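S.K.: For reference, the structure I am asking about is given below.
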Amino acid sequence: MTDSKNPNPEDQPVDPTEQEAVASESEETTAQETSEAPSTEEASAEAAAAVEAAEAPAEDSDAQEDYKDQYLRLRADFENFRKRTRKEKEDWTQRCLENICTDLLSVLDHFDLGLENAKGQEIAEDTLQGFELVRGQLGTVLGKYGLEALESESGVFDPNVQEAITHLASTEVPEGEVVAMTRKGYKLGTKLLRPTQVVVSAGEGEG
């Protein structure tokens, strides 16, 4: 009786074409896995890029702070420069105004002296009034720039705005008070340009 056992697969002959196909497929799979796996250099490059990407925001923030600080410093410097320039301009304008007004004081003195002397002369009234009008206009124009006359015909002597040219004994005016004014004083704004010249009473003790 003949044995009807199943044949062993390993004992069966292998088709060479099928064996080559299986080997080729295995090689392709291995090559694909190898190509997909990142190399050590690529991994290091990716890690470095990640570190740079993490540090970039911090560096940008520091740069922005530096720019902001420089901007604030420049703005403060410019503001100080603007204030200093404006102050220098105001001081220069004030000095020019003081020089002009100081030079005009002698003109005002002569004008006032001429009007005072003209009142006792034979001069037409209209002519005298015309000169007085011009003198008034000149004083008004200078007054717009802050020039103010200081007149002291009486009162207690004030050394801050007055200059005593002499002392005169008087039984009518108490000692230390103004007896008469010999020349007007002037101030420009709050600055004294010229003190008022006055005669001060020495009381009854001096002759």
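Just so you know, all these numbers are worked out from the coordinates, no wet-lab data involved. No experiment lies behind these values; they were computed from the predicted model shown. No Cβ is skipped: glycine too gets one built from the backbone with ideal geometry, and neighbour counts run over all protein chains shown.
S.K.: What are the ³J(HN,Hα) couplings of the range 158-170, residue after residue, when phi is run through the Karplus curve with 6.51, -1.76, 1.60 and θ = phi - 60°? Round to Hz, x for glycine and proline.
M.R.: 10, x, 6, 10, 10, 10, 7, 8, 6, 10, 10, 5, 8
S.K.: Hey, another quick one. Give me the distance in nm between label points sitting 7 Å out from Cα along the Cα-to-Cβ direction at Phe78 and Thr166, one decimal.
M.R.: 6.5 nm
S.K.: On to the next question. I'd like the antiparallel share, as a percent to the nearest 5, of DSSP beta bridges with both residues in the range 148-207.
M.R.: 60 percent
S.K.: Then there's this: For the residues Ser106, Ser152, Ser170, what sequence is obtained by ranking on other C-beta atoms within 10 Å, fewest first?
M.R.: Taking fewest neighbouring Cβ atoms as first place, the list is Ser106, Ser170, Ser152.
S.K.: Write down the Kirkwood hydrodynamic radius of the range 148-207, to one decimal in angstroms, obtained as one divided by the mean of 1/r over all alpha carbon pairs.
M.R.: Hydrodynamic radius (Kirkwood, Cα pairs) of the range 148-207 is 11.5 Å.
S.K.: Taking every eigenvalue of the Cα gyration tensor of the range 55-207, multiplying by 5 and rooting it, what semi-axes result, largest first, whole Å?
M.R.: Ellipsoid half-lengths, sorted descending, are 57, 24, 9 Å.
S.K.: A follow-up question, please. Once fully extended, how much extra length lies between Glu122 and Tyr71, figured as 0.36 nm per residue of separation less the alpha-carbon to alpha-carbon distance?
M.R.: Answer, rounded to one decimal: 10.8 nm.
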